[in-house]
Amino acid sequence: MLTMRPECQICLTPLPTDRDGALICSFECTFCQTCNEASLNYVCPNCGGDLKPRPLRMGQALVDHPPEPA
């Protein structure tokens, strides 16, 4: 199951799991688009991997598997 962190690991901006705007690497590090554009350029600062748009979690899946607490 994909870990859905609720906020950017740099600026702590909330990143709801049912909305666009979060980027993740293969280790599920999570960043917002603003931090990506400011300095990350689609490269995870933790592992050096690619940052890709995080898929959305909606409907019953969101109810059954809520994001991790901040």
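Values computed for the structure shown
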{"quantity": "Distance (nanometres) between label positions extended 7 Å along Cα→Cβ at Ser39 and Cys11", "calculated": "1.2"}
{"quantity": "Cleavage-rule hits, GluC sites (Glu not before Pro), segment 1-37, DSSP coil, Cβ neighbours within 10 Å at most 13", "calculated": "Glu28"}
{"quantity": "Heavy-atom accessible area order for Asp20, Asp64, largest first, 1.4 Å probe", "calculated": "Asp20, Asp64"}
{"quantity": "Of the chymotrypsin sites (Phe, Trp or Tyr not before Pro) in the chain, those whose Cβ has at most 16 other Cβ within 10 Å and which sit in DSSP loop", "calculated": "Phe27, Tyr42"}
{"quantity": "Heavy-atom surface of the chain, accessible at 1.4 Å and reported per residue (Å²)", "calculated": "63"}
{"quantity": "Label of the coordinate-derived value, volume of the Cα convex hull per residue in Å³, listed as (i) 107; (ii) 75; (iii) 84", "calculated": "(ii)"}
{"quantity": "Charged-residue dipole, Cβ positions (Lys, Arg, Asp, Glu), the chain about Cα centre, Debye nearest 20", "calculated": "40"}
{"quantity": "Solvent-accessible ranking of Ile10, Ile24, largest area first, probe 1.4 Å", "calculated": "Ile10, Ile24"}
{"quantity": "Share of carbon and sulfur in the accessible heavy-atom surface of the chain [1.4 Å probe, %]", "calculated": "55"}
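The values are calculated or read from the model by the stated rules, or taken from the named source; none is laboratory data. Since the structure is predicted, the reported quantities are computational estimates derived from the model, not experimental observations. For neighbour counting, all protein chains shown are included, and Cβ atoms are generated from backbone atoms with ideal geometry for every residue, glycine included. Heads up: the accessible areas ignore ligands, DNA and RNA and are worked out on the full protein's heavy atoms, side chains in. Shrake-Rupley method; radii C 1.70, N 1.55, O 1.52, S 1.80 Å.
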